[in-house]
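Asker: Provided herewith is a single structure, encoded as structure tokens, for subsequent inquiry.
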Amino acid sequence: MKTKLSLLALCIAGFSCTSALAASNPAQLEQAIAKQEAELNKLKHDLAELAAQQKMQQAEQEKQAEVVATTNKVLTESKWSKFSFKSYGSMVYTSDEYYQNVQDTSPERRGRFDLERIVTEFGYQFNDEWDMEVEIEYEHGGTGTALEYDGFDEFGEFETEVEAGGEVMIEKAELRYRPNDAFGVKFGNIHLPIGLTSILHKPNQYLTVQRHRSEAAMLPAVWNEMGVGIFGEMANFHYQAQVVSGLNSEYFRTYDWIASGHQKRFEHVNADELAYAVRLDYGNFKQGSAVGVAYYYGNTSDNRHKSNKVSGDGTVSILAISGAFVQGPWILRGQYLNGTLSDADAITQANKTTPGLKPGNFAQLGSESEAFFVEAGVDLSHFTPVPITVFANIDYSNPLADVDTGTGSKRYENTWTSIGINYFPIPEIVIKAEAGRQQVAMSSIPDTNFFALGVGYQFSL
Amino acid sequence: MKQLKYSAVAIALISTLAACGGSGSDDTTPPPTDNKFEFAATEMITNLTDDVIISGYSTLAIKGEEMFLASQTLVANKTQANLLAAQEAWKAARQPWEQGESHIFGPVDSLGIDPHLDSWPLNTTDLKTVLTDNSGFSADTIKGWNDDVQGFHTMEYLLFGDGVADNQKDVADLTMSEAEYLMGLSEVFRDYTKTLDDSWLISHDGQTGKAYGELVKNPGTADNTFYASQVGVIQELVNGMIGIVDEVGNGKIADPFGTSAATADTSKVESQYSWNSLTDFSDNIIGVRNVYQGELTGASDKQGIIDFVKAGDEALALRVSSEIDDAIIKIQAIKGSNNMPFRQAIADAEGRVRIQTAVDALSKLQASLESDVVPLLNKWKV
């Protein structure tokens, strides 16, 4: 290109020289003029060609830049598209009547606020088949200790202080391999599919202000253990089968049966006893109507720190039957749980006499435990412009449904009945109110009334 | 060359450390006057372990056996005299137990024996269900039940009645089911008192561990993971005293006492069925005196915490001694001239004045123990 321009410049220079010399002869002049005209035309043509070429090049450059930009954009977009973030949480106010001690039969009322939980869930899709998910839960406002300097204490002292109550927990940390819909494998810290709360735990997925009390009084609500599981769906059937870490019977308590045997107190989970969980659903509880059955089976004795205190296996088995009917404005969900524990008396004895282990007064264990709930709601937005669901709920639990010897106390047999509303100002937020009655099966303990308000949210990016 | 240097440094360090560690036998430089006192604690610790603590638990075990025999007799022959005898056996067992609350550390805590024997409040609602739904109570079955339907206070309720109007019970009101349950309870009770005594004399965990008494008497030995030094033992003893003074003053008395006669709550009064509350409270502080003086009331003088305090501060030793006596007297004085039980006194204007006086005496004693006796541990030249 440069050479062409230089040529042009030379020609122009030559033309001005020759015109000055040829002025004397008209014929020669004419010839020279014609020649120059031809040259000029040729030059014009060259110039036009050059400009066109330049234009083309520019267009090409622009096109290239565009390609680069779009490629970059595609690259960044796909990086984020592989990452997922979800969060949900709830805050509640409860007003309950409570008893000062076991002899007290005139209840007192107490109102309480609780930043129940804030849950964050991070996921990453490595490729079409592999992904991972980590769920971190902050309960009751988190926890913390702090070292402080107190200049007013004697000569000035360093003090360790507990700053806030609550817990921070990894509730799930799983890797998943899912080549197709019909089959997948997950492992790590995974959710057990026992209990509907494990499936429906976001505030918009249950109607009551707090999660179902019946389930919390019998097994770990949103139960997670270390292990491996397979899952998949075929023709609207969903199945799961898992092998996970078992429970430790040292922490079984009268009031919540095996729930506190969930090993989360220690840095390591004793895994000398494994447990097995299976679930089969027809339909999808998260999306609407479904029926399902789940079963848990596992021994517990060898997971005790003092493993020589109980000679039996301490086998826990739990059967869960659940159903949901969600259609148009109607919502109906329910679950029945039945559990058995072998060697309940031996575990009770061991828990009462293990040095340093303090079950306090709550060592007696049911050899059978039972719980159920039914919640029914009507979504009024189908009839009015107001996005409100009204509901009624009943929860029942009895962790001492049967005992090895004698008769179990009825003190822990509870029934909660309530009515309330869910209001959705926007789909991601729900405001709840609930009022109800708690009945203890023991006639000498009066019924109490409770009232609760709650606000919950959930979103996913 | 390099290794040689490291070795030289190591040797220098070791010899310096050795010089520091050997200061006990190093008598070249006399210690400077550092405001510290000397006291040889071995005799005191041995005496408190054997003659106060173990002796108390042995008495408790004997009284537990007697309680069981009395209830057997009562079931075999339901007479008023046998009921009164069982009531007396209960009170007799209560005394060493309450006095022993001044040193509620070791197996009584680690083996969870305290709640098995002395859970309070009593779960009367569950107890009534237990009595109607069951029969022929075996000790093994009872052991599996929750602690709030067994132990001292369940036996008390069965023996003395509800304690509202009086602490007498007619034998005709004692049902067969109640008597049988009492017998089962006292068997369980006897077993636990025996376990407690054995844990101090034979094995602290009932298995392969050493006797707890030996661990207390021999701190600092290689296999003693409980007590690293005599300082630790004395600290445990002093903290035990502080613990019960705090519990009697701020818990057992203050909780039911409330802020006024209107907020007083009789349901929280311990030993309310037998009207034994004031005896319980004064026995608790007599237990403090046992540890402090080094001997049970009336026995010949032996070394106790008082001798340790005397070595550090003679005036303080005498002051604490009189504060303990004063607290006991003030608690006993709550009953007034007409032998008013504690559960009545909390609702009585004059009774409340006397209770406040006792609470003040206990607070004073607690303050002396916490802010004057405890700091002596730092001044003790071990």
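The values are calculated or read from the model by the stated rules, or taken from the named source; none is laboratory data. Since we're looking at a predicted model, the values are computed, not measured. Don't worry about glycine lacking a Cβ; one is built from the backbone with ideal geometry, like all the others, and counts go over all protein chains shown. Side chains included, ligands, DNA and RNA excluded: accessible areas come from the protein's heavy atoms. Shrake-Rupley method; radii C 1.70, N 1.55, O 1.52, S 1.80 Å.
Asker: What would the Debye formula give as log10 I(q)/I(0) at q = 0.09 Å⁻¹ for the alpha-carbon point model of the protein assembly as shown, no solvent?
Answerer: Summing over Cα pairs of the protein assembly as shown leads to -1.08.
Asker: Relative to the compact globular guide of 2.2 N^0.38 Å, what is the alpha carbon radius of gyration of the stretch A:26-72, as a ratio?
Answerer: 2.13
Asker: Tell me which aspartates and glutamates have Cα within less than 19 Å of residue A:35's Cα, excluding those fewer than 8 residues away on the same chain?
Answerer: Here the aspartates and glutamates satisfying the reach criterion relative to residue A:35 are A:46.
Asker: Once you've got the Cα coordinates, tell me which of A:358/B:217; A:82/A:186; B:268/B:310; A:358/B:36; B:210/B:310; A:309/B:128 are over 29 Å apart.
Answerer: Too far apart for the 29 Å limit: B:268/B:310; A:358/B:36; B:210/B:310; A:309/B:128.
Asker: Starting from the Kirkwood radius over alpha-carbon pairs of chain B, derive D by Stokes-Einstein at 4 °C in a medium of 1.567 mPa s and give it in µm² s⁻¹.
Answerer: It diffuses with D of about 56 µm²/s by this estimate.
Asker: Could you work out the relative contact order of the stretch A:84-460, using alpha carbon pairs under 8 angstrom and six or more residues apart, expressed as a whole percent?
Answerer: It comes to 14 percent, rounded to a whole number.
Asker: Express in Å², to the nearest 10, the accessible area of residue A:126 obtained by rolling a 1.4 Å probe over the protein heavy atoms while all chains stay in place.
Answerer: 90 Å²
Asker: Right, something else. Does anything in the stretch A:162-196 have its amide N under 13 Å from the 7 Å Cα→Cβ label point of residue A:134, and if so which residues?
Answerer: Counting backbone N atoms under 13 Å from the label point, the list is A:169-175, A:189.
Asker: Continuing with the same structure: List, in order, the whole-Hz ³J(HN,Hα) value for each residue of the stretch B:211-224 obtained from phi through the Karplus relation with A = 6.51, B = -1.76, C = 1.60 and θ = phi - 60°; use x for Gly and Pro.
Answerer: Running phi through 6.51 cos²θ - 1.76 cosθ + 1.60 with θ = phi - 60° gives 5, 5, x, 5, 5, 5, 6, 10, x, x, 7, 4, 8, 9 Hz.
Asker: In addition: Per DSSP helix of 4 or more residues, -39500 (n - 2.57); summed, then divided by the residues of chain B. What does that give at 222 nm, rounded to the nearest 500?
Answerer: Only helices count here, giving -18500 deg cm²/dmol.
Asker: Over the stretch A:106-224, consider all pairs of different Cα atoms and compute the Kirkwood hydrodynamic radius from their mean reciprocal separation; express it in Å, one decimal.
Answerer: In the stretch A:106-224 this quantity evaluates to 17.9 Å.
Asker: Could you sort A:332, B:111 by accessible area so the largest value comes first, with the probe set to 1.4 Å?
Answerer: Putting A:332, B:111 in descending order of accessible area: A:332, B:111.
Asker: Follow-up. Under 8 Å for C-alpha pairs, at least 6 residues apart: give me the relative contact order for chain B, rounded to a whole percent.
Answerer: Dividing the mean separation by the residue count of chain B yields 22 percent.
Asker: Of the heavy-atom accessible surface of the protein assembly as shown (probe 1.4 angstrom), what whole percent is carbon and sulfur?
Answerer: About 57 percent, which is the carbon plus sulfur part of the accessible surface.
Asker: Right, next: Residue A:172's amide H: which non-local residues (gap 5+, or another chain) put their own amide H closer than 5 Å, with H modeled 1.01 Å from N in plane and none for Pro or chain starts?
Answerer: Answer set, sorted by chain and number: A:135.
Asker: Sticking with this one: Round to the nearest 10 and give me the degree value, 0 to 90, for the angle of helix B:349-368's Cα axis relative to the longest principal axis of chain B.
Answerer: Once rounded, one gets 20 degrees.
Asker: With no solvent and one point per C-alpha, what does the Debye sum give as log10 I(q)/I(0) for the stretch A:369-426 at q = 0.19, 0.24, 0.30 Å⁻¹?
Answerer: For the stretch A:369-426 at q = 0.19, 0.24, 0.30 Å⁻¹, log10 I(q)/I(0) is -0.72, -0.90, -1.11.
Asker: Which order do you get for A:258, B:62 if you rank them by accessible area with a 1.4 Å probe, largest at the top?
Answerer: The most accessible residue leads, giving B:62, A:258.
Asker: If you don't mind, another one. What distance in nm lies between label points placed 7 Å from Cα along the C-beta direction at residue A:243 and residue A:183?
Answerer: About 1.7 nm, to one decimal.
Asker: Give me log10 I(q)/I(0) at q = 0.19 Å⁻¹ for the stretch A:225-293, Debye formula, one equal scatterer per alpha-carbon, no solvent.
Answerer: -0.84
Asker: Using the Karplus curve 6.51 cos²θ - 1.76 cosθ + 1.60 with θ = phi - 60°, what ³J(HN,Hα) values do you get for each residue of the stretch B:331-343, in whole Hz, with x for Gly and Pro?
Answerer: Coupling constants for the stretch B:331-343: 5, 5, 6, 4, 5, x, 7, 10, 6, 6, x, 4, 5 Hz.
Asker: When Cβ neighbours within 10 Å are restricted to other protein chains, what is their mean count per residue of peptide A:441-454?
Answerer: 1
Asker: Moving to a separate point now. Determine the order of B:379, A:35 by accessible area, beginning with the largest, at a probe radius of 1.4 Å.
Answerer: Per-residue accessible area, sorted high to low, gives A:35, B:379.
Asker: Also, quick follow-up: Could you work out how far the C-alpha centroid of the stretch B:249-272 sits from that of the stretch A:437-460, in angstrom?
Answerer: One Cα centre to the other: 31 Å.
Asker: OK, next. Expressed in nm², what is the orientationally averaged projection area of the convex hull enclosing the Cα positions of the stretch A:315-461?
Answerer: For the Cα atoms of the stretch A:315-461, the hull's average projected area reads 12.8 nm².
Asker: Just read off the accessible area of residue B:183 with the full protein assembly in place, 1.4 Å probe, to the nearest 10 Å².
Answerer: Roughly 60 Å² of residue B:183 is accessible to a 1.4 Å probe.
Asker: Just to confirm the number: angle between the C-alpha axis of helix A:344-353 and the first principal axis of chain A, 0 to 90 degrees, nearest 10?
Answerer: It is inclined by approximately 90 degrees.
Asker: Follow-up question, since we're still on this one. Taking each pair of distinct Cα atoms in the stretch A:84-460 once, what is the resulting Kirkwood hydrodynamic radius in Å?
Answerer: The Cα-based Kirkwood calculation yields 22.3 Å.
Asker: Got the relative contact order for the stretch A:403-461 handy, in percent, Cα pairs under 8 Å and 6 or more residues apart?
Answerer: 32 percent
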